[in-house]
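Since the structure comes first, as C-alpha cells, the remarks are kept for the end.
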Amino acid sequence: MLSKPRPNYLAGYSPSLVAQVNQAIQQGTFGALLKSRYPLAHKVRTDGALYEFVSALKNQHLRNTQSLSRIEFDSKLQTLRNALGTHTTISRVQGGKLKAKRELRVASLFKEMPEAFLRMIVVHELAHLKEREHNKAFYQLCRHMEPEYAQLEFELRAYLTYLDAGGVPLWSATEGINPPVI
Ligand SMILES: [Zn+2]
C-alpha cells in the first residue's frame with residue numbers, strides 16, 4: 001500500500017527559515033515559542049459565532065461584495081489536502097432566475113487556535129470573493145484586511161508542520177471555559 005506523501009506546509013518559504021522552524025520543532029522549543037506569542041485560544045466556537053466574526057470583517061472591508069448565504073465550521077475539511085477553508089459558489093434556480101450563492105467554510109481545526117490564526121484564514125477566504133487566484137491583487141487585499149497577514153500565514157503553516165510532526169496541540173477549545181482546578 002502506498003502511503004500518502006506528507007504535506008509540505010512550508011513549501012515556498014526560504015530554506016533557512018524552514019530549517020529554523022524544523023530545528024525548533026526537533027529541539028522541543030517551538031511550542032513554547034508560539035504559545036508565548038499567542039497565549040490564548042479565541043472564543044469563536046459555534047457556527048453562529050463564526051457568522052458574527054466573518055460578517056464583522058466583511059462589513060468592515062468588503063461591504064459591497066455579494067453576501068454569503070452560509071458560513072460554517074467544517075469538520076470534513078482536512079488540512080492534509082491543504083484546504084483550510086473553502087469558498088464556493090453554488091448556482092441555484094430561484095423563482096425562474098439563476099442565482100449564485102456563496103458559502104464560506106473554515107476547517108474545524110481553527111476552533112482550537114488563537115484569534116489571529118482564525119482571522120488569517122477568514123481574511124484569506126473573504127479575499128477570494130474578489131480575487132479567485134492567489135495573485136498579487138489577492139495578497140494585497142489580504143494585507144489590507146490584516147496587515148500581519150503574511151506573518152500569520154507563515155506562523156500558521158509552521159504550527160501545522162509542528163502538529164504533523166506529532167506535536168501536542170497548543171490551544172484547546174475548552175480553554176478558559178472551565179474554572180482551573182486548584
Ligand atoms: Zn486560497
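The values are calculated or read from the model by the stated rules, or taken from the named source; none is laboratory data. Just so we're clear, the structure is a prediction, and the values are computed from it rather than from any experiment. Cβ atoms come from the backbone with ideal geometry, glycine included; neighbour counts cover every protein chain shown.
At-a-glance table
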item	result
Members of the range 42-59 that are without any contact (Cβ under 8 Å) to a residue 40 or more places away in the chain and either of a type in the set (D, E) or in a helix (DSSP H, G or I) (or both)	D47, G48, A49, Y51, E52, S55, A56, N59
Matching residues in the range 18-34 - criterion: being assigned to a helix (DSSP H, G or I) and out of contact with any Phe, Trp or Tyr (no Cβ under 8 Å at 6 or more places or on another chain)	V18, A19, Q20, N22, Q23, Q26, Q27, A32, L33
Breaking point among (1) in a loop (DSSP other than H, G, I, E, B); (2) in contact with a helix residue (DSSP H, G or I) (Cβ under 6 Å, 6 or more places away or on another chain), for P39	(2)
Unique residue being modelled with pLDDT of 95 or more and within 14 Å of the ligand (Cβ to nearest atom) when the list is A137, A116	A137
Only listed residue being touching a strand residue (DSSP E or B) at 6+ places or on another chain (Cβ under 6 Å) and either assigned to a helix (DSSP H, G or I) or surrounded by fewer than 14 Cβ atoms within 10 Å (Cβ to Cβ) (or both), chosen from E153, E125	E125
Scan of the range 47-67 for residues that are in contact with a helix residue (DSSP H, G or I) (Cβ under 9 Å, 6 or more places away or on another chain) and either exposed (fewer than 13 other Cβ atoms within 10 Å of the Cβ) or at pLDDT below 90 (or both), ordered by number	Q60, T65, S67
Odd one out for L80 among (1) within 16 Å of the ligand (Cβ to nearest atom); (2) modelled with pLDDT under 90; (3) part of a helix (DSSP H, G or I)	(1)
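Listed here are the residues, each with its yes/no results for (1) of a type in the set (K, R); (2) over 18 Å from the mean Cα position of the chain (by Cα).
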| position | (1), (2) |
| --- | --- |
| L17 | no, yes |
| Q20 | no, yes |
| K43 | yes, no |
| D47 | no, no |
| L50 | no, no |
| L62 | no, yes |
